[in-house]
1. Identify the residues of region 26-43 with backbone N under 12 Å of a label point that sits 7 angstrom from the Cα of residue 5 along the Cα-to-Cβ direction, or state none.
2. So, in nm, how far is label residue 24 from label residue 37 when the simple model puts each one 7 Å beyond its Cα toward the Cβ?
């Protein structure tokens, strides 16, 4: 069975407050959404990432701007 859907969608403002690896954001209709999870090492990294900096350490150190102001 074929179903044809014609839609007109107008979005004036949209706010997405959080996205995770398993998030699905859909506007309109969809037949089947199949989950896909891909993990790529695009930087050819060979060792684990360094430990994350705790928030209090960031608050104590002066932040420098990446772009000169």
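Every number here is computed from the coordinates shown, using simple stated rules; none is lab data. If you're wondering where the values come from, they're calculated on a predicted model, not measured in any experiment. Virtual Cβ from ideal backbone geometry, glycine too; neighbours counted across all protein chains shown.
1. The answer is 26-33.
2. If labels sit at residue 24 and residue 37, their model points lie 1.5 nm apart.
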